[in-house]
Amino acid sequence: MAFAPGLSGVLTAYDRKTDQPALADDKRDDYGMVGLRGCDSAAAAIDGAAAVLSLVTADQALLAAEGAAIAPGALWFDMNSVAPDTKRAAAAAIAAKGGRYVDVAVMSPVLPARTGVPLLVSGAYAEVGAAYLTALGFADVRIVAGDVGRASAIKMIRSVMVKGIEALTAECVLAADRAGVLDEVLASLDASDKPKPWGERADYNLDRMLAHGLRRAAEMEEVVKTLDALGTGAAMSVGTVIRQRAIGSLGVTPPAGLAAKLDLLNRKAEPA
């Protein structure tokens with residue numbers, strides 16, 4: 001959805017929300033606002049398509065590839081945040097149907113950049129895939145030499161830091177707030193780290209976790225798979241999955257300001 005306004009050509013889409021009566025009308029309205037032709041099934045959306053952008057939650061990425069009725073020769077752009085092994089399994093599923101699989105890593109938040117978001121591509125069809133994505137309207141596409149899994153490895157390992165810092169932020173500021181030393185802790189962090197005041201970082205990180213914690217937890221499970229496969233250990237990433245899921249599962253709209261977010265999280269943590 002977020003990419004659609006900047007892309008050219010005939011665009012079709014399927015979203016599982018249209019299977020839910022309470023959400024279907026709003027989702028179809030969303031399609032209309034960005035120029036998409038909505039379909040009632042994934043099969044209908046990709047029927048005869050020359051290329052498919054797979055943009056699902058991490059836990060559905062392999063299932064989407066395995067169930068895809070892709071046309072022979074069609075490009076399958078797996079833009080999901082999953083482990084290299086998951087992408088290799090998806091690539092095998094697409095290859096078995098005669099499709100051409102491209103490992104795509106989306107390297108920053110989609111909004112507000114939309115089609116300006118940096119993309120890394122790898123695999124046997126990286127070159128043709130990069131050319132296709134550029135022609136489609138993506139402005140920042142870079143080929144990473146190597147097999148399927150190379151681009152996703154960069155994304156997954158980078159997420160150890162990006163999403164790990166979010167989870168560590170929550171653990172730190174919740175404890176500091178409960179202990180009554182929040183201002184002092186934030187000031188001590190500011191004294192040694194200057195890019196942005198930590199109060200602003202904490203507010204932003206908690207905002208991301210409240211809004212996207214469940215999706216991020218699913219992505220971090222793929223990070224754990226990546227690190228386990230490398231044999232380097234994933235203790236902090238396992239903890240990040242737990243913390244992201246715990247906060248994301250609250251299912252609330254993030255309130256404005258750090259104090260309001262902390263109050264919300266503390267109230268949610270209190271016994272009923």
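Taken together, the values in this text are just the output of simple stated rules run on the coordinates, not laboratory data. The shown structure was predicted, so the numbers you read here are calculated from the model rather than taken from an experiment. Positions of Cβ are generated from backbone atoms using ideal geometry, with glycine treated the same way; all protein chains shown enter the neighbour counts.
How do the peptides 219-226, 262-269 rank, highest first, by the average count of neighbouring beta carbon atoms within 10 Å per residue? Show your work: numbers first, answer last.
Details: 219-226: 24.4, 262-269: 14.4.
In descending order of packing, they fall as 219-226, 262-269.
Counting pairs of Cα atoms in the range 4-140, how many percent are more than 17 Å apart?
Roughly 60 percent, rounded to a whole number.
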- Note on the structure: Dimensionless Rg/Rh of the chain, both radii on Cα and Rh by Kirkwood, sits at 1.00
- Task: Pop the C-beta distance of Thr134 and Val34 into the FRET formula with R0 = 25 Å and round what comes out to the nearest 0.05.
- Result: 0.80
- What whole number of Å gives the distance from the Cα centroid of the range 162-191 to the Cα centroid of the range 79-95? 36
- For Met161 and Ile242 in one chain, what is 0.36 nm times their gap in residues minus the Cα-Cα distance, to one decimal in nm? 27.6 nm
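Can you flag which of Lys97/Lys225; Lys87/Lys155; Lys87/Lys225; Lys196/Lys261 are past 23 Å Cα-Cα?
Details: Lys97/Lys225 26 Å; Lys87/Lys155 12 Å; Lys87/Lys225 12 Å; Lys196/Lys261 19 Å.
Cα-Cα > 23 Å for Lys97/Lys225; rest within.
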- Message: Suppose R0 equals 30 Å. What FRET efficiency, 1/(1 + (r/R0)^6) with r the Cβ-Cβ distance, do Leu23 and Asp190 give to the nearest 0.05?
- Response: 0.10
- Note on the structure: Residue span Ala92 to Leu111: 0.36 nm per residue of separation minus Cα-Cα distance leaves a gain in nm of 3.7 nm
- By a straight-distance test (C-alpha under 27 Å), which lysines pair with Lys268 as possible cross-link partners, with residues fewer than eight away in the same chain excluded? Lys163
- Message: So for each of 114-121, 20-27, 74-81 I average, over its residues, the number of other beta carbons within 10 Å; can you give me the resulting order with the highest mean first?
- Response: 74-81, 114-121, 20-27
